[in-house]
1. Tell me, what HN-Hα J-couplings in whole Hz come from the Karplus equation 6.51 cos²θ - 1.76 cosθ + 1.60 at θ = phi - 60° for each residue of the range 52-57, using x for Gly and Pro?
2. Quick one: 3J(HN,Hα) in Hz for the range 15-23, Karplus 6.51/-1.76/1.60 with θ = phi - 60°, rounded, Gly and Pro as x.
3. Arranged from highest to lowest average of other beta-carbon atoms within 10 Å per residue, in what order do the peptides 13-25, 33-45 appear?
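Read the figures in this text as sums done on the coordinates, not as results from a lab. Here the structure is a predicted model, which is why all the values come from computation and not from measurement. Glycine gets a Cβ as well: all are built from the backbone with ideal geometry, and neighbour counts include every protein chain shown.
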Amino acid sequence: MTVSFAQRFDEFQKIAVDCIVTDYGETPAGRYLLVIPTGGGKTITAVKSVNALFERGCTIQNNIESCGSL
């Protein structure tokens with residue numbers, strides 16, 4: 001089975017998003033480093049991560065962080 005170039009991007013981006021969401025669940029006030037090579041989709045991966053956190057109910061209101069079930 002041949003995997004397309006776009007599918008490979010989607011695969012590692014999904015893994016990266018899952019890791020970011022998990023790490024955020026453990027340490028919401030932490031700092032995170034996303035290491036992806038040039039042209040690897042860092043911006044898209046970061047946006048997908050923020051979207052995943054919003055979908056799970058993670059918000060910051062009045063400097064208080066809250067997350068739904070992570």
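1. Coupling constants for the range 52-57: 4, 5, 4, 4, 8, x Hz.
2. Per-residue couplings from phi come out as 4, 4, 4, 4, 5, 5, 4, 4, 4 Hz.
3. Numbers: 13-25: 15.8, 33-45: 11.7.
So the order, starting with the most tightly packed, is 13-25, 33-45.
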